Structures are given as structure tokens and as C-alpha cells.
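The values are calculated or read from the model by the stated rules, or taken from the named source; none is laboratory data. The structure displayed is predicted, hence computed values, not measured ones. Neighbour counts are summed over all protein chains in view; Cβ atoms, including those assigned to glycine, are modelled from backbone coordinates with ideal geometry.
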Amino acid sequence: MTETVFKVIGGATLTGSIAVPGAKNSVLKLMTAALLAPGKTTLTNVPDIADVGIMLELLTRLGCQVSHNRSISEVQIDVPAEIGHRADYDLVRRMRASINVLGPILARCGNVDVALPGGDDIGSRGVDMHIAGLTKMGAEFGSDHGYLIARAPAGLVGAHIFLDLPSVGATENILTAAVLASGETVLDNAAREPEIIDLCEMLVKMGAHIDGIGTPTLTVTGVAALKPVTHQVIGDRIVAGTWAAAAVATQGEVTVTGVDPNLLSLPLSKLHEMGAEIATQENSFSVSMKQRPTAVDIVTLPYPGFPTDLQPQFIVLNAISTGSAMITENLFEARFRFTQELARLGADLHIDGHHCLVKGVTRLSGAPVVSTDVRAGAALVIAGLVADGETLVSGVEHVDRGYADFVANLNSLGAVVSREELS
């Protein structure tokens, strides 16, 4: 039996320019939104990641005809007049974003069966807020053999919904249900992530009526039908932030293109606090680091707060910084799980609940480590870039879910990383 690992040789300094593809956290939701309109929807700037393939398979099983042209980063989804209503466990368990078919299919069909989702091992992410919001709109929920069963026998009707937390997934499912519901839906304490704005902009192109885009209160006036469109996926701010962190860790100089730097204002300001020089342009930014970083505190919060998806990469930066810093994780309780792997490389970390105290060390040393989720895998590779000797990172399938051409992109900047098959 063999296992694929990333083999990372430490000591490289990253320099050069790198382009960011479309956002994983946006494209998957846009693909499910295509279900709202019969006909052919085209998405451009689509990242070539494993999760896109899984979502295309799910859409195929729901009756869509799909094509993925990797050479031009384009996906076409031809949605039939009648779509299926069951999202199978074998796909949903591999990718949590599968839950995003709940809103569109319920709106189109009035019934949907979705296996309870899987995805990254970063803690509990229940669907209670999804269910509570859609129930207010007239849906009825049950469960059977591991499937969430939703019915709207009288159709969906507008309602005033307040989210206990600005949940991205709940905002997306309620939004995609509300656009075809009768009457007006007001969603308070909605998530404001750039990927939510991207979804709203595509829905408006399709003919939806949405007010308050980018604010905590979304007002949706339902329409009878939507039309298919062509839409460009927003650039991936998390991938961009990962390359920026890698540049700082290796004391390099990297220009990242294809993303609006305003979407990374807080992470870039934290890198500046660490000692990096940051220069921003309209759709790109440059990061230059000439010395060992200075430790900075991080508190993860919903957008526009610090993104939880960049927390592991910044723990790595603090692990090799001068001084100590406190990382506070407010969104996913198991996100610190990867720190025990980072400790194997020599990092000095102490976990207390949702706080992680990181004391910077002067060197890390290579060792075999295991990735538990998309961002942890990328972070461990960054750690390997600055560790003495060789670091082997297993669990590469997690990284493949969120980073297109991960090894080739790193090597284009001067890293020495390869995929290896180990017995």
C-alpha cells in the first residue's frame, strides 16, 4: 500500500510572481446556484481543484449535463427543467459545500434529501441555522438513515429571519431559497464574506431582487423564475493569503495577482506588523520580507475580521518569529488540531481551549507530519519550507481540495517540493 506525500526540502527563499485562481469558497456555491435556473450557466476563472470535480459529479447525478474545460478555467452546467432532489452520502461526506444544494433544490422542487455533510476535520459545523431559517419560510424537516429530509408542500414564503451567528452556509442556503420564494425575506445578521457578495451578484444577474448586498441585512424579494448566466468567479483571497504567508516565512519577495487586496486588508496589515513591506495595486499586491518576523496576536472572526482559513498559516509564522503571540480561534473548535503536528517540527505551542500561545523559536527541523484539513496542510508545507532538512506532509488530498497546482506553484517561486509515493 502506498501513500502520497509532499516532500519539502527546507531552506528556499520564495521570489517571483504568482496568479491566484477563482475562490474555492465561492465557486462551489455558484455551481449549486446554477440549479435555480433551467438552461446553461457558464462559470469562468474556475480553480482546478478536487472539490470542483466532486461538485460536478453531484450536479451530474441531479440530472445536469456538465463540462469542465481546464485549459480556459471554465465550467458549463446545463440544468434540466426537472432536477433530481437527492444528494448522495458518498459525495456529500467528501465535501461540506454539498449542503449548499439544500436551498436551490428546495426552492425549485419543494423537496430535497441531503446526506449530512463531511469535509474538513476542523470541528462541529451543524446545520441548525439552515434548518431554522428555512423552517420559517415554510419548510418541514426530518431525518432518515443519515439524510436530512426537507419538504415545502405549500411552497416557500418570505419571512424575517435572524441568524444567531453570521453563518456563511446558512446565509447561502436561505438566500438561494428566498430568491424563488413568494414575498419578501429579510435576513438579519447575514454573513458578509466576499464570497457571499459574489453569490449575490450572480443571483442578481440571473434576475433575483436582492437589496443590502455586503451589509448584515439582506432583503430578498422573490421572483417566479431565474435565467442562466455567465459569471466570473472572484479571486481566492485565502490562496492569496497563503502565498503571502509563505513569502514572509521564507523572507522572500512575492507578487500575488488576480485578487483584490482590499479583501485581505486585515491579514496584510498583520504581515506589515510582523515586519513585511506590503505594496497594493488594483488587482494584486506584493509582499517583501527582509528579516525574521515579529510575533503578532490573531483573533479569528467572521468577515471583515481575520479569516479562520488563514489562522494555521499565521500560527506557523508566529512559531518562527521573535517573541510570543496569542492566537484566538472563535469559529472552529478543532482548528488547533494541526498544532500537534507543528510541534513535531519543533514549534513551541500551548493550547488552552480556543487560545493558542505560540512562543517563537529560531529553527524548525524536518519530520513526517499529517495534514487534517485544507489549510493545515498548506501551513505544514510552509513550515517545511523553513525547517532544516526534509519534511514529509501526508494527507495531500486535503490540500488538493483547495489549492490548484500546489506543488508547481510553489516550485515556480523557488521552493523545492515534490509529490512522492511512499510504501
Discussion item. Within region 181-253, considering only strands (runs of 3 or more DSSP E) that don't extend past its boundaries, which have at least 2 residues that are surrounded by fewer than 16 Cβ atoms within 10 Å (Cβ to Cβ)?
Written reply: 209-211
Worksheet item: Restricting to strands (runs of 3 or more DSSP E) lying wholly in region 308-414: which have 1 or more residues that are under 24 Å from the mean Cα position of the chain (by Cα) and assigned by TED's automatic domain parsing to the domain that holds Ala295?
Response: 324-328, 355-359, 368-370, 390-394
Worksheet item: Here are Ala343, Ala408, Ala383, Ala415: which of them is under 24 Å from Ile18 (Cβ atoms) and free of Cβ contacts under 8 Å to residues at least 40 places away in the same chain?
Response: Ala408
Worksheet item: With respect to the numbered conditions (1) in contact with a helix residue (DSSP H, G or I) (Cβ under 7 Å, 6 or more places away or on another chain); (2) at pLDDT 95 or above; (3) of a type in the set (Ser, Thr, Tyr), which one is the sole condition not fulfilled by Ser167?
Response: (2)
Worksheet entry | Every pair of residues 6+ apart whose Cβ atoms lie under 6 Å, when the first sits in region 63-90 and is under 28 Å from Gly146 (Cβ atoms) while the second is of a type in the set (S, T, N, Q) | Val66/Thr60; Ile77/Thr41; His85/Asn111; Ala87/Ser98
Worksheet item: What is the one condition in (1) buried (at least 24 other Cβ atoms within 10 Å of the Cβ); (2) more than 30 Å from Asn111 (Cβ to Cβ); (3) not assigned by TED's automatic domain parsing to the domain that holds Asn283 that Val8 does not satisfy?
Response: (3)
Discussion item. Among the residues that make up region 60-67, is at least one of them surrounded by 15 or more Cβ atoms within 10 Å (Cβ to Cβ) and either of a type in the set (Phe, Trp, Tyr) or assigned to a strand (DSSP E or B) (or both)?
Written reply: yes
Worksheet item: Of the residues in region 399-419, how many are buried (at least 21 other Cβ atoms within 10 Å of the Cβ), out of contact with any Pro (no Cβ under 8 Å at 6 or more places or on another chain) and farther than 17 Å from Ala379 by Cβ?
Response: 0
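Anything in region 370-385 that is over 17 Å from Gly241 (Cα atoms) and buried (at least 24 other Cβ atoms within 10 Å of the Cβ)? List them, or say none.
Correct list: Ser371, Gly384.
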Item to complete: Considering each of Gly126, Gly103 in turn, give the residue that is outside the structural domain of Asp400 (by TED's automatic domain parsing), under 25 Å from the mean Cα position of the chain (by Cα) and without any contact (Cβ under 8 Å) to a residue 12 or more places away in the chain.
Response: Gly126
Worksheet entry | Subset tally (residues that are small (Gly, Ala, Ser) and either more than 17 Å from Ile213 (Cβ to Cβ) or touching a Cys at 6+ places or on another chain (Cβ under 6 Å) (or both)) for region 178-192 | 3
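To keep it simple, each residue is scored yes or no on (1) in a loop (DSSP other than H, G, I, E, B); (2) not aliphatic (A, V, I, L, M).
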{"position": "Val259", "(1), (2)": "yes, no"}
{"position": "Asn262", "(1), (2)": "no, yes"}
{"position": "Leu266", "(1), (2)": "no, no"}
{"position": "Ser269", "(1), (2)": "no, yes"}
{"position": "Glu273", "(1), (2)": "no, yes"}
{"position": "Glu282", "(1), (2)": "yes, yes"}
{"position": "Phe285", "(1), (2)": "no, yes"}
